[in-house]
Structure formats: structure tokens, C-alpha cells
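Below is one structure, written out as C-alpha cells; the observations come after it.
Throughout, read-outs are computed from the coordinates displayed, never taken from laboratory work. In this text, all values refer to a predicted model and were calculated from it rather than measured experimentally. Quick reminder, even Gly has a Cβ in these numbers, built from the backbone with ideal geometry, and neighbours come from all protein chains shown.
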Amino acid sequence: MAPKGSADGEVQRLGRYRILYALGNGTSATVYAALDESSGRQVALKVLKNEAIDQETSARRQLRMVRESEALIKSAHPNVVRIFEIGRVEQRTFIAMELIDGPDLFHWLETPRSIDQILRVFLQCAEGLAAAHRGGIVHRDFKPANVMLKSDGTALV
């Protein structure tokens, strides 16, 4: 099934995923909240942008995203976001992953916190990064906006 978009170019559907709303927009990908209509599960859907870049650069981005996602699947860890599927529909490469129910670390830090709370979350970030590194992944864009916190306080990279 081809991705279907609205007049402004926003993706509304990607295969079996129905896009609900945008969560974030980065340099090379946009992340959406989406509904997996085959399972009824809500997911975060990271969709690689199809910009006007040369084919070689686009192919490298796609390959890197797929390899990193495959490594993350193998490095199951409580502080690493779960990946459900890596796919491609027409010209769009995507990753379906766990949809986190809390804020990102950037917004979490806006509220005054105790040193113990901050250290607990930062330690979880370090443990998630270490697990990713053991799996052969170097996080190329680690920053507070790219760390999510579950409602129970668990940090995920």
C-alpha cells in the first residue's frame, strides 16, 4: 500500500499504520504517533525524510537507520526504546517503535528536581547508551530532547 498524504504533504497512512499526529521533526526523519491497524497498538513511527538529496546519500541514510534499528532489536534493555518493525513502503523507510507515554528529558528538566532524581535518570540514560554501544551503535544525536521518560520515570534512549 502506498503512503497517502494530505495536500500539505503530511503522511496520513504508511502501509498498515494510520498516522495520528506528528511527535517530532528532525534533520533526517519525522516521528509520528500512529496506530498499527493490524494489532490495534499505538506506536511511534520514525519515517526517513525523502528530501531532494542525491540517491547515494539517501541510500546511506536508509542503510544506517536499518542497521542501527536491527542492532537495537538485539540489544533489548530496559533503557533502550523497543523496536517492533523496520520497513519500507514505496519510497519511505520507517521504524515502528514503542510509543512513550511521558515527556522528553528536555521538558522533564524544566521542573525543579532533586539531585537524586536527576542522577537516577542520567544513570538510566548512561545504561541505555552503554547497551546500545555494546550492540555496535553510537548514538549520533544524544541530547535531552532525544531521551524519553515513561510515566513511571524510566528513561529510554
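Applied to the range 95-105, the Karplus parametrisation 6.51 cos²θ - 1.76 cosθ + 1.60 on θ = phi - 60° returns per-residue 3J(HN,Hα) values of 10, 9, 9, 3, 8, 8, 8, x, x, 7, 5 Hz, with x for Gly and Pro. Count charges around Asn79 for me, please; just the other residues with Cβ under 13 Å from its Cβ, Lys/Arg as +1, Asp/Glu as -1. So the surrounding residues net to +1. Inter-part distance, the range 99-157 to the range 9-49, computed on C-alpha centroids, equals 22 Å. In terms of overall dimensions, the C-alpha atoms belonging to the range 69-157 reach 47, 25, 22 Å along their principal axes, ordered largest to smallest. Sites listed here are trypsin sites (Lys or Arg not before Pro) in the range 98-154 whose DSSP assignment is loop and whose Cβ has at most 10 other Cβ atoms within 10 Å: Arg140.
Annotation: amide H of Gln12 within the under-5 Å range of Lys4, Gly5, Ser6, sequence separation 5 or more or interchain, hydrogens built in the peptide plane.
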